[in-house]
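Written out below as structure tokens is the structure these notes cover.
Coordinate-derived values only; no laboratory data. Bear in mind the structure is a predicted one, so any value in this text is a computation, not a measurement. Counting neighbours? That spans all protein chains shown, and the Cβs are built from the backbone with ideal geometry, glycine included.
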Amino acid sequence: MRFFPRGARSLILVIALAGVLTAGLTGCGSAGSPPGNSSTTAVGSEGLSGNLTVFAAASLKLPFTKLADEFEARNPGSSVVLSFAGSSDLATQITQGAPADVVATADTRNMAKLADASLLDGAPTNFATNVLTIAVPPGNPASIRSFNDLARPGTKVVVCASQVPCGAAADAVEQAVGTTLKPVSEESSVTDVLGKVTSGEADAGLVYVTDVKGAGDRVVGVPFAEAGSAVTTYPIASVATSRNKELASAFIALVTGAEGAKVLAEAGFGAPEVPSHG
Amino acid sequence: MSFRFSATVQSRGFEVSLALGPAETVAVLGANGAGKSTLLAVIAGLLRPDSGQADVDGKVLFDLGEAAAGGIWTAPHRRGTALLAQEPLLFPHLSALDNVAFGPRSAGLSRPASREAARHWLREVDAESLASRRPARLSGGQAQRIAIARSLAANPEILLLDEPMAALDVHAAPLLRRLLKRVLAGRRAIIVTHDVLDALMLADRIIVLDNGGIAEEGPTKEVLRKPRSPFAARLAGLNLLTGTLSGDGITSGDGLHLAGHLEDGGQAGDDGIAVFPPSAVSVFPTAAHGSPRNTLPVTITDLEPHGDQVRVRAGGLSADITPAASADLGLAPGMTVYFVIKATAVSIYPA
Amino acid sequence: MSSANRGYAGVPAWIYVVAALGGLLVLLPLGAMLARVNWGRFIPLITSESSLTALWLSLRTSAASTILCVVLGVPLALVLARGSFPGQRVLRSLVLLPLVLPPVVGGIALLYTFGRQGLLGRSLEFAGIQIAFSTTAVVLAQTFVALPFLVVSLEGALRTAGNRYEAVAATLGARPTTVLRRVTVPLVLPGLASGAVLSFARSLGEFGATLTFAGSLQGVTRTLPLEIYLQRETDADAAVALSLVLVLVAVIVVGLSRRPSRSTNLGAAP
């Protein structure tokens, strides 16, 4: 055949191309196994080395960033990668095989999901609590003083939808107070609630005390007595598939220890209700 | 004169003045880029000239001074200058009938009345049977007939035709030309063409454009018989030579002398023009042969078929000889030969 | 090689392999989602009150924003394709910006325009019009992201069609508005239709700008994509079922857009 050489060359090209693509796809697919080196080696008695991936609820961004720095300082050979998302996203990602070593959620329900699926290594440890507060724009244009003020006609209140933890907490508070809110929007995340308040679109929003603290002077918190009726508990655990067990338990120890308690308290978190050891 | 026009378009080097009588059809001829399409576009209002005036029956189409500011500019739809292009450009989403009814409808007629008018014009172009057809289902000739009906139905003050036969095949063109001759009778029209037959059959007068200006104009027969521009001569199928008149003929700039029949009492020493048909030219390999007069040494530039003859081109001149004679002489481009022209076939007149 | 009647295609064989990979990249995830549908609960899931409310809201707002896109986009496309004025190129680039902008950026921009504290929001609120947290906000967000689709496809159609028919229509005595109505629009109708369909589909899928600008409340601002996003938090089956509904609606809409070009030629009585 006259065209054979050309055809053969095309074939080689196709095979090469397919090879490259397959390699790429396999690369993507390999996300199921821990990334990079699984070589966790203890260096002396002072510090540990290796990579640690921590999946944490978005509300933990400030304290966990601080704690990760601290951890790396204590263990010079180690490197901590933090990934923040909504708790249900974290649970979904780990269920789908995301390479996490440690997971910390903003509710016990999503952690229970992981435990039920046998994806955790040992029982989770509760390490912090959070309560709701009312966030209002600076100057408090709608003069919100109490939870009941939120139910005033014409007040634009934004809350989380019941499907997400902060929304469930809001529902519990509503029930405890005996007031039904008529929100103008039920957001999917507490960040979106905060965003509506900081932009001045909403008169008030129900967020966590830690969110108000983290937002600085862009919002003002209006505490209310009934907040204690819905306490959100934050559990932490190491992931079953982790190949850095030693590093993972060291990080959990830091979070649940004295240093962790101090950093979390600074960020506005409360102490766990039932202190426990992991 | 009921239509007067003069306009300048500097960017295209266009500067033309012309006038049309109430029922006059003028053929505008010229090479590509001579300004024919510019002329129609300016009249139709699709192109704004830098300066100029035009009016038809007292209605001002435009009046733009040398200074660009201000002036009068009538929008295309108020001009009454229906444009028929090379391609029919029938609106593809409308039936033939509704295409023709477009003008009357735009003029404010009701739908039934405009369709009635459309039927009348379809009859005029023998296309009543095509009324319900979509343009996609019409042949080129049929579509152009509908387009003519559409232009006429708009009841234009001036009908502008831009090479209406150019896109048609050789069988459709004669039919359409006859149709145009019928409908253009007694109508004011400007027809841009490069076909001398269009000019002969349809126009009362010819205007030859060259380089954005008028090179020549006059009654059709006059221009074709006694062309003064190389373009008109080519149209008329004549060789043209310019020079200075002498007692018995004309002497060209490079010293060639042609004897011939001197018309219109030209004086010796005046600028003059000589024309003669290629059929009156014989080709000889040497100068010695034939009549001593009217022998021109030339270099062949091209040979091409011309009917059942061979046309021998040498610069601006040409001769028609039989294929057999061409073969006998062994003619080829680059050869030097002698054109010998019968004096009786040469017309000479003042430029 | 195999079918003798087919003309020379000029496509090298290996292109088909890469094309198949490209096709798979789009189709495989859809197939994977299909495989995850809990068919036993499918009907109850998609006919739940919140699902139907979200679907109905999505269809209504998308229809409204498509109409708005046509009303505003046709003149815009005409001006861009046919007009000539300084800054035309810049205007074209800016109008097409939402095509490449992350929708959330669009949401923020809209917030600072129509929000309570926004550029126009203050005046609007003074006039008693509140846009934030309303269905109007959803329509605005959808129009913002969908408008370029209509403008792009219509401008392309206008450029392809050229303006020779319009010139002829004008010399036949038609006023510019008549030319637009009876010649220009019918000529570019296929382009307009596909642009409108694309706008509708884009509106249907709008998420980021809506979430940022309009909020999320059942029956008011929670469109189907927002409902899917929310359901995902608690009920993955519901999210998958609703995603499938959205895919189906999109497929139907895009499928419909392939047809009109033929039917306009035959139908549409003059």
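Listing for the model above:
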read-out: Virtual spin-label span in nm between C:Thr177 and B:His171, 7 Å along Cα→Cβ; value: 4.8 nm
read-out: Listed residues A:Gly97, B:Val170, C:Pro75: farthest to the positive end of the dipole of the protein assembly as shown (Cβ charges); value: B:Val170
read-out: Inter-chain shielding of A:183-191 (mean C-beta neighbours from other protein chains, 10 Å cut-off); value: 6
read-out: Relative contact order, percent, chain B [alpha-carbon distance under 8 Å, six or more residues apart]; value: 15 percent
read-out: Check: the protein assembly as shown dipole with +1 on Lys, Arg Cβ and -1 on Asp, Glu Cβ, in debye; value: 2180 debye
read-out: Rel. contact order, % - alpha carbon contacts under 8 angstrom, at least six apart, the range B:260-351; value: 48 percent
read-out: Helix-only mean residue ellipticity at 222 nm for chain B, each DSSP H run of n ≥ 4 adding -39500 (n - 2.57), per residue, nearest 500; value: -7500 deg cm²/dmol
read-out: Nitroxide proxy distance, nm - points 7 Å out along Cα→Cβ at B:Arg111 and A:Ala240; value: 7.4 nm
read-out: For B:Val28, distant residues with modelled amide H under 5 Å away; value: B:Ile191, B:Val192, B:Thr193, B:Ile207
read-out: Cβ crowding within 10 Å averaged over residues, with A:50-57, B:189-196 ranked highest first; value: A:50-57, B:189-196
read-out: Cβ-Cβ FRET estimate between B:Ile72 and C:Phe85, R0 fixed at 30 Å, reported to 0.05; value: 0.80
read-out: Percent antiparallel among DSSP beta bridges (both partners in chain B, rounded to 5); value: 75 percent
read-out: Global form of the range B:3-225, assessed from the alpha-carbon gyration tensor, a/c cut-off 1.5; value: oblate
read-out: Radius of gyration, Dmax [the range B:191-345; alpha carbons; angstrom]; value: 16.4, 49
read-out: For residues of B:14-24, the mean tally of beta carbons on other chains within 10 Å; value: 0
read-out: Positive-end extreme of charge dipole, the protein assembly as shown - chosen from B:Gly218, A:Ala57, A:Gly86 (charges on Cβ); value: B:Gly218
read-out: Shape category assigned to chain C from the gyration tensor of Cα positions, a/c cut at 1.5; value: oblate
read-out: Efficiency of FRET from Cβ geometry, B:Thr242 and C:Ala13, R₀ 60 Å, rounded to 0.05; value: 0.35
read-out: Among beta bridges that DSSP assigns inside the protein assembly as shown, antiparallel share in %, nearest 5; value: 70 percent
read-out: Greater than 18 Å apart at Cα, pairs in B:Lys181/B:Lys226; A:Lys61/A:Lys213; A:Lys113/A:Lys245; A:Lys61/A:Lys113; A:Lys156/A:Lys196; A:Lys213/A:Lys262; value: B:Lys181/B:Lys226; A:Lys113/A:Lys245; A:Lys61/A:Lys113
read-out: Those aspartates and glutamates that a straight Cα-Cα span of less than 16 Å connects to B:Lys59, excepting residues fewer than 8 apart in one chain; value: B:Glu157
read-out: At R0 = 45 Å, FRET efficiency that the Cβ-Cβ distance of C:Ile252 and B:Gln86 yields, to 0.05; value: 0.55
read-out: Total formal charge among the other residues, if their Cβ is under 15 angstrom from that of B:Asp169, Lys/Arg +1 and Asp/Glu -1; value: -1
read-out: Built amide H within the under 5 Å cut-off of A:Ala267, gap 5+; value: none
read-out: Farthest positive-ward along the range C:41-259 dipole, Cα basis, beta-carbon charges - from C:Ala146, C:Gly191, C:Ser134; value: C:Gly191
read-out: Share antiparallel - DSSP beta bridges, the range A:125-270, percent rounded to 5; value: 75 percent
read-out: Computed over chain C: relative contact order in percent, which uses C-alpha pairs under 8 Å that are six or more apart; value: 28 percent
read-out: Estimated distance in nm for a label pair at A:Glu259 and C:Val71, the labels positioned 7 Å out from Cα along Cα-to-Cβ; value: 6.2 nm
read-out: The range B:224-310: C-alpha gyration tensor shape, a/c 1.5 cut-off, then a/b vs b/c; value: oblate
